[in-house]
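Below: one structure, written as structure tokens.
The values are calculated or read from the model by the stated rules, or taken from the named source; none is laboratory data. All figures in this text were calculated on a predicted structure; none of them were measured in a lab. Glycine gets a Cβ as well: all are built from the backbone with ideal geometry, and neighbour counts include every protein chain shown.
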């Protein structure tokens, strides 16, 4: 594998990402970095799960993906290694891979042995496993692969209920806010291919109805709209403004959906 895609909540203000990249450059000659994002809101597993889902299909084959948003760092949480279609994902087993697992048809899940983790470990920090465990583990996988006795099947991976795609069952339902992007657009866990025989009118937020549209220019500046986003999830925006701030909506909030029967 010559590509390494990174997704973290480490930001760019501190040294964390640079230290990890420096280790790779020193030990894995020729590695090519892809930065999915380092601006995941701190400890937001849902945002990380969404960004991973949105980027996955566009990553090159022979790519190792390190997704590191790890509120449980230092605890006994497991490490997950997912293999699918020539790509390998390494992440904490804390729900980051949940949205992706809901869509993938065929994949294999593994976890490294404690012996391997101890073997590759390069430091004793209990708060920076990105540097001391995940980085050298990824390096080991890049060089030797996962077809090795040091990996066993990962059973019952962590799945978070609020990250499961909503499957409408009637004319009214609820959904969760799983990500808020740079523009303040609100991404929910309602998926376009989950509509079955219902079409969506829009969302009811704070006693206001936000109608479904195709694109931003169908509403006036400052008006709200809902739409199917580029990754297939239902989103809410405010034209030329920040919908999350205007509406006071945050990650994890629950929204009400209104449906109508599909007459086609």
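Looking at residue 54 and the list (1) assigned to a helix (DSSP H, G or I); (2) without any contact (Cβ under 8 Å) to a residue 12 or more places away in the chain, which single condition is not satisfied?
Every listed condition holds for residue 54 apart from (2).
Are there any strands (runs of 3 or more DSSP E) wholly within the range 144-199 with 1 or more residues that are in contact with a helix residue (DSSP H, G or I) (Cβ under 9 Å, 6 or more places away or on another chain), outside the structural domain of residue 42 (by TED's automatic domain parsing) and at pLDDT below 95, and if so which? Can you show your working first?
Working: elements: 151-153, 172-180, 186-191.
The strands (runs of 3 or more DSSP E) meeting that bar are 172-180, 186-191.
Going through the range 226-262 one residue at a time, which ones are buried (at least 19 other Cβ atoms within 10 Å of the Cβ) and more than 17 Å from residue 176 (Cα to Cα)?
Once the filter is applied, which keeps residues that are buried (at least 19 other Cβ atoms within 10 Å of the Cβ) and more than 17 Å from residue 176 (Cα to Cα), the range 226-262 yields only 238.
Quick check on this structure: which one of 40, 69, 31, 88 is under 15 Å from residue 133 (Cα atoms) and surrounded by 13 or more Cβ atoms within 10 Å (Cβ to Cβ)? If you could, list the steps in order and put the result at the bottom.
On the way: 40 fails: under 15 Å from residue 133 (Cα atoms); 31 fails: under 15 Å from residue 133 (Cα atoms); 88 fails: under 15 Å from residue 133 (Cα atoms).
The match here is 69.
Yes or no: residue 96 crowded, with 18+ Cβ neighbours inside 10 Å, over 16 Å from residue 17 (Cα atoms), modelled with pLDDT under 95 and not assigned by TED's automatic domain parsing to the domain that holds residue 178? Working first, answer last.
Details: crowded, with 18+ Cβ neighbours inside 10 Å: yes; over 16 Å from residue 17 (Cα atoms): yes; modelled with pLDDT under 95: no; not assigned by TED's automatic domain parsing to the domain that holds residue 178: yes.
For residue 96, the condition - crowded, with 18+ Cβ neighbours inside 10 Å, over 16 Å from residue 17 (Cα atoms), modelled with pLDDT under 95 and not assigned by TED's automatic domain parsing to the domain that holds residue 178 - is not met.
List the pairs whose first member sits in the range 23-38 and is in the same structural domain as residue 182 (by TED's automatic domain parsing) and in a strand (DSSP E or B), whose second member is surrounded by fewer than 17 Cβ atoms within 10 Å (Cβ to Cβ) and modelled with pLDDT of 95 or more, and whose Cβ atoms are under 8 Å apart, counting only residues at least 6 apart or on separate chains?
none
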